[in-house]
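One structure is given here, and the rest of the page talks about it.
The values are calculated or read from the model by the stated rules, or taken from the named source; none is laboratory data. Quantities reported herein were computed from a predicted structural model and do not represent experimental measurements. Every residue, glycine among them, receives a Cβ derived from its backbone with ideal geometry; neighbour counts consider all protein chains shown. When the accessible area is computed, the model is the full protein with side chains, heavy atoms only, and any ligands, DNA or RNA have been set aside. Shrake-Rupley method; radii C 1.70, N 1.55, O 1.52, S 1.80 Å.
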Amino acid sequence: MKELVKKLLNYFLIGIFAVIPIVIILQIMIFVKDRVSDLFQLVYGYADNYLYTILVFAVSFFILVYIGRKLVQEGRSWVIGAFDHVIERIPLMNTLYRVLKKVVNMFSSHDRTIAKEVVYVEYPKEGVWMTAYVTNRHDDKYVLFIPTSPNPTSGFTVIVEKSKVIKSAMNIEEASSFIISVGVDYGKVSEMSQLP
């Protein structure tokens, strides 16, 4: 009887871990649906007309597609440029906006000017290797963001000597997947031998 209970609990835990990714994706989808629904209700509340509401959403969609196309083709858009110009004149907001924009651009694919390099660094002590994103560099110093598992949006920002890092062949997406999966999704196992 004890073995049966142990097996059932083991299968139960395996089932939970198998369903967690599905639940997370469903929660994200529900969150997005709720935000779009709230926005739809807000627009409909002003117009009280479904045709007008759908028209506003269609125009918004095409404006965002136009901005995305301009950013991909030319690296800039007059709409974003105009907004940047206005925000630059608002104290405190301009600093927050600039920092947020740099962080988003680091993870997006259209900005080639920001380093998209993944490295290994010994942190928090020697012999313990962490995956880190290179966010900036100056001379022989690297500014690294060391994300924490399983939430890569939290972590530590450190400045280290270039000699203290080992370059990785992982890209940002692979490194993020490695961190979120707490090491289960690690496609560069051969890199472990590079770590002293």
> Among all helices in the chain defined by DSSP H, which have a length of 30 Å or more along the axis from Cα atoms plus a Kyte-Doolittle mean of at least -1.0?
Replying inline: 2-47, 50-74
> Where does the chain land at 222 nm, in deg cm²/dmol rounded to the nearest 500, when only DSSP H runs of n ≥ 4 count, each adding -39500 (n - 2.57), divided by all residues?
Replying inline: -18500 deg cm²/dmol
>> Give me the 1.4 Å probe accessible area per residue for the chain, excluding ligands and nucleic acids, in Å².
In response: 75
> Given [x] -0.33, -0.66, -0.93; [y] -0.46, -0.91, -1.15; [z] -0.29, -0.66, -1.01 as candidate values of log10 I(q)/I(0) by the Debye sum over Cα atoms at q = 0.08, 0.12, 0.15 Å⁻¹, which corresponds to the one derived from the coordinates?
Replying inline: [y]
> What number, in percent, do you get for the relative contact order of the chain if the mean sequence gap of Cα pairs under 8 Å and at least 6 apart is divided by its residue count?
Replying inline: 11
> With all protein chains present, how much of the accessible area of the chain (probe radius 1.4 Å) comes from carbon and sulfur, to the nearest whole percent?
Replying inline: 68
> Mind ordering 127-135, 19-27, 153-161 by average Cβ neighbours within 10 Å, highest first?
Replying inline: 127-135, 153-161, 19-27
> Among the trypsin sites (Lys or Arg not before Pro) within segment 129-196, which fall in a DSSP loop and have no more than 16 other Cβ atoms within 10 Å of their own Cβ?
Replying inline: Lys188
> What lysines sit close enough to Lys167 to cross-link, taking a C-alpha to C-alpha distance under 17 Å and skipping anything fewer than 8 places away on the same chain?
Replying inline: Lys116, Lys141, Lys188
> Quick one: Debye curve from the C-alpha atoms of segment 1-111, no solvent, what's log10 I(q)/I(0) at q = 0.09, 0.15, 0.17 Å⁻¹?
Replying inline: -0.50, -0.97, -1.10
>> With Kirkwood's inverse mean 1/r over C-alpha pairs for Rh, give me the Rg to Rh ratio of segment 122-196, two decimals please.
In response: 0.93
